[in-house]
Amino acid sequence: MAAPLLEVQRVSKSFGKLQVINDLSFQVQRGEALGILGPNGAGKTTTFSLITGEHQVSAGRVFFQGVDVTGLRPQQRCRLGIARTYQIPRPFSGMTVFENVLVGATYGRGKSERASRAFCRDILHETGLLARADTPAGQLRLLDRKRLELARALATDPQILLLDETAGGLTEHEVHELLDVVRRIRERGVTILWIEHILHALTAIVDRLLLMDFGTKLLEGDPATVLASDELKMIYLGVD
Ligand SMILES: Nc1ncnc2c1ncn2[C@@H]1O[C@H](COP(=O)(O)OP(=O)(O)OP(=O)(O)O)[C@@H](O)[C@H]1O
Ligand SMILES: [Mg+2]
């Protein structure tokens, strides 16, 4: 079997005396979509930051395409093909949608603005934002801000896309529009790792689920098994 696209190997992370990730291991295969579930404070977002290099691990290693990237800076990991969105969208509000995506492309791909323009238009098309290209990012409604988060990450031309609660706060109809975009991204071969509390959105996309609590993996498997598990019921419903 080929090496996994991403491997988190026995990773731990402490902030001062607070240990938030504890000996966490999992793998993501190329082309796969893996969902991450867990209560508030479980360490999901921190796991993303350890994968992207925005935080350094306290112990353990992160491998991408079989290469140990644990010591690499965020921009180096980005150029290898790791991109993320943020739980709280962080566009440059005074810049237009197009300019925001262009920044992603020049940062993530190291290409000139000129060389990136056509590529950025394709991404705006893919994420349904082309009609908003000249709108200042600060004026977008929530769904379009979510689309822009996706577009900025896609502009770095990733192999794996880490989505952090992308569906949160959207209406049911908007969730379906977002799912259409995520499906398109997946269909062209981008591997997806998705933290999401909105279960039906997650299960519409992912092949597997990983359940976390207290910075560690409780369970990993096919969605039906994880959703029916006692571990999940304990966490979300408080029943033993
Ligand atoms: N930079 C930091 N410094 C100190 N503590 C932090 C830092 N980042 C996260 N934490 C703590 O680590 C724990 C895990 O946080 P994290 O944001 O990873 O959880 P999460 O699973 O993403 O939760 P949520 O579902 O609320 O987004 C929390 O107790 C949080 O307060
Ligand atoms: Mg989080």
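Count Lys and Arg as plus one, Asp and Glu as minus one, and take only other residues whose Cβ is under 15 Å from that of Val57; the net charge is then +1.
Quick check: net charge around Leu193, other residues with Cβ under 13 Å of its Cβ, Lys/Arg +1 and Asp/Glu -1? Before the final figure, lay out each step's value.
On the way: positive: Arg30, Lys44, Arg84, Arg186, Arg208; negative: Glu7, Glu32, Asp164, Glu165, Glu196, Asp207, Glu220.
Combined, the nearby Lys, Arg, Asp and Glu give -2.
The residues packed around Gly71, meaning those with a beta-carbon under 11 Å from its beta-carbon, carry a net charge of +2 if Lys and Arg are +1 and Asp and Glu are -1.
The separation of the stretch 30-92 from the stretch 196-225, counted between C-alpha centres, amounts to 17 Å.
The alpha carbons of the stretch 90-157 stretch over 30, 21, 17 Å along the principal axes, in descending order.
When DSSP beta bridges are restricted to pairs lying wholly in the stretch 124-240, around 50% turn out antiparallel.
Per the helix-only calculation at 222 nm, which mean residue ellipticity applies to the chain, given -39500 (n - 2.57) for every DSSP H run of n ≥ 4 and division by its residues, nearest 500 deg cm²/dmol? -11000 deg cm²/dmol, from helical runs alone.
Cα gyration tensor of the stretch 144-240, axes a ≥ b ≥ c as square roots of the eigenvalues: rounded (a/c below 1.5), prolate (a/b > b/c) or oblate? Here the stretch 144-240 falls in the prolate category.
Relative to the Cα centre, what is the charge dipole magnitude of the chain, using +1 at the beta carbon of each Lys and Arg, -1 at the beta carbon of each Asp and Glu, and rounding to the nearest 20 debye?
Working: 29 positive and 28 negative charges, 197 e Å.
Around 940 debye, computed over the chain.
Checking every one of the chymotrypsin sites (Phe, Trp or Tyr not before Pro) in the stretch 40-110 against DSSP loop status and a limit of 14 other Cβ atoms within 10 Å picks out Phe92. A Gaussian network model of the chain, with springs between Cα atoms under 10 Å, assigns the largest mean-square fluctuation among Gly53, Gly168, Gly110 to Gly110. Using bins of 5 Å that start at zero, the share of Cα-Cα pairs per bin across the chain amounts to 1, 7, 14, 18, 19, 17, 12, 8, 3, 1, 0, 0, in whole %.
The simple spin-label model puts a point 7 Å past each Cα toward its Cβ; for Ala115 and Met95 those points are separated by 1.8 nm.
For the stretch 1-92, the dipole from Cβ point charges (+1 on Lys and Arg, -1 on Asp and Glu) about the Cα centre works out to 240 debye, to the nearest 20. Rounded to the nearest 5, what is the percent of antiparallel bridges among the DSSP beta bridges in the chain? Beta bridges within the chain, antiparallel portion: roughly 55 percent.
Computed from the coordinates by the stated procedures, all read-outs in this text should not be read as laboratory data. Owing to the predicted nature of the structure, the values given are computational and were not obtained by experimental measurement. Reconstructed Cβ throughout: ideal geometry from the backbone, glycine too, with neighbour counts over all protein chains shown.
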